[in-house]
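Enquirer: I'd like to ask you about the structure that follows.
A short reminder: the numbers here are calculations on the coordinates, not readings from a lab. From a predicted model like this one, the values you see are computed outputs, not experimental measurements. As a convention, Cβ positions derive from the backbone with ideal geometry for all residues, glycine included, and neighbour counts pool all protein chains shown.
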Amino acid sequence: MTRKEFLAQMGIGATGALMVACLGGCSKASNPAPVPVNFTLDLNLPANAALGQNGGYVYSNGVIVAKTMSGNLIAVSQACTHQGVTVVYDNQNNVFFCSAHGSAFNTSGAVVNGPANSPLRQYTVSTSGNIVTITG
């Protein structure tokens, strides 16, 4: 094998390896499997005071818990499914909103506006007195 043939073979091999790496980087990232949650929030604690008012919300254990303007408690994963940025609860429009790229999700976590194309995970919320339990 001549030096020219050797370098040509090496170039083809290196090009192939780089193509695989580049194309793998362009693939759509999959969302990691959601971690089950089971925790409580005590509404008497100052950290959870926002849930005492309609439209308020708090973050805990990777979950955003919000009190809708109609007084219902709802909970979804706090990370936007597009790029993992933390969402906020927009009580005026009754949606969870990601300020990074404008994704919006309804109170069940379904996508209302992209670029996100996967829903937020919805959790079960139950109350007993001043204790709120989030599971799912």
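Enquirer: Which residues, counting only those in the range 119-136, are assigned to a strand (DSSP E or B) and either among the hydroxyl-bearing types (Ser, Thr, Tyr) or surrounded by 15 or more Cβ atoms within 10 Å (Cβ to Cβ) (or both)?
Expert: Passing the criteria: GLN122, TYR123, THR124, VAL125, SER126, THR127, SER128, VAL132, THR133, ILE134, THR135.
Enquirer: Please go through the range 81-118 and give me each residue that is over 10 Å from the mean Cα position of the chain (by Cα), outside any strand (DSSP E or B) and closer than 17 Å to THR68 by Cα, ordered by number.
Expert: Result: ASN91, GLN92, ASN93, ASN94, ASN106, THR107, SER108, ALA110.
Enquirer: Is there a residue in the range 48-67 that is more than 22 Å from THR135 (Cα to Cα) and either of a type in the set (Lys, Arg) or touching a Gly at 6+ places or on another chain (Cβ under 6 Å) (or both)?
Expert: Scanning the range 48-67 turns up no residue that is more than 22 Å from THR135 (Cα to Cα) and either of a type in the set (Lys, Arg) or touching a Gly at 6+ places or on another chain (Cβ under 6 Å) (or both).
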